[in-house]
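The values are calculated or read from the model by the stated rules, or taken from the named source; none is laboratory data. Small disclaimer: the values here were computed from a predicted structure and weren't measured. Cβ: placed from backbone, ideal geometry, glycine included. Neighbour counts: every protein chain shown.
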Amino acid sequence: MKKIRDLSVLSINSEQYLVISCDSSGGIGNKLYDVVQIDPEIMGYYTAHVALVEFLAFGIEPIGLVDGLAVELEPTGKKIISGLNKACLEAGTKVITGSTEENIPVVQTGVGVTAFGICLKLELEKKYTKKGIIYIWCRPFVGNEVLENRDMVMTINDVKTLRSLPYVQEIIPIGSKGIKYDLEKEFDFKKINLNKSIDIDLEKSSGPATCAIVLVEEDFCDIFEKDMDNKYYKIGQYNRN
């Protein structure tokens, strides 16, 4: 087993990997001691969203998703599963199986999900990152901000559209460690020329993958900006040789 970004991959033969992505959520829901009070269906949707966009950013179609719900099936579990199913439908997959807590009364919501699929080794191990222009697609939000700014939260369909563009080299969904963390991890940071004025917090948590780094071939930036709506932010140039 090895890691490629946030995907765990296991060789199953000479040509293919078993690919796994997971996410969890705690203290978010409508139970007594949940810190962020929201509909469990929405929480379920965004928990699945994180695991699924990690697949779609590489152009991999997930086969299915498994859930572990630390809540009772009725009524909370069913609401969460509804949200999971909505996200899976958008991603072109489905919830395969799962489990709930039926023995202990639960006063705080906890959820874990695992997406899985199979891909060709050659496709996953491509070195995409070359020279290009770095954009941030959508904005980083966390907690209640996600609900308050739904129009600027990255969607599953956004990722699928971005991945279909031949001039998009990289799509890197951002998590709780923020944009700068992933810029430093995935690029040679010394070769990034950041814009002097960036209207976006590069260190803020992106919660349930509400935004992504998108690397676009420089010659196609005008096309990218024309074809896509105003959900992008040009933050710099990558000059890797």
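Of all residues in the range 141-189 being among the aromatic types (Phe, Trp, Tyr) and not in a loop (DSSP other than H, G, I, E, B), which is surrounded by the most Cβ atoms within 10 Å (Cβ to Cβ)? Here the residue is Tyr181. The single condition among (1) modelled with pLDDT of 95 or more; (2) outside the structural domain of Glu225 (by TED's automatic domain parsing); (3) closer than 28 Å to Asp201 by Cα that Gly59 does not meet is (1). Is it the case, given these coordinates, that Leu215 is part of a strand (DSSP E or B), over 23 Å from Leu147 (Cα atoms), in contact (Cβ under 8 Å) with a residue 40 or more places away in the chain and not acidic (Asp, Glu)? When the stated conditions are applied, Leu215 passes them. Ile213 meets all of the listed conditions (1) over 13 Å from Tyr135 (Cα atoms); (2) at pLDDT 90 or above but one, namely (1). Tallying residues that are at pLDDT below 90 and closer than 27 Å to Lys94 by Cα within the range 106-143 yields 6. Out of the residues in the range 219-231 that are out of contact with any helix residue (DSSP H, G or I) (no Cβ under 7 Å at 6 or more places or on another chain) and surrounded by 14 or more Cβ atoms within 10 Å (Cβ to Cβ), which is farthest from Glu148 (Cα to Cα)? Across the range 219-231, the extreme among qualifying residues is Phe220. All told, Pro140 meets the bar of being closer than 21 Å to Phe58 by Cα, in contact with a Cys (Cβ under 6 Å, 6 or more places away or on another chain) and touching a residue at least 60 places away in the same chain (Cβ under 8 Å).
Checking the range 179-201 against the condition returns no match, with no residue being modelled with pLDDT of 90 or more, closer than 23 Å to Tyr45 by Cα and basic (Lys, Arg). Listed here are the helices (runs of 4 or more DSSP H) enclosed by the range 18-135 that have at least 3 residues being surrounded by 19 or more Cβ atoms within 10 Å (Cβ to Cβ) and under 16 Å from the mean Cα position of the chain (by Cα): 40-56, 78-91.
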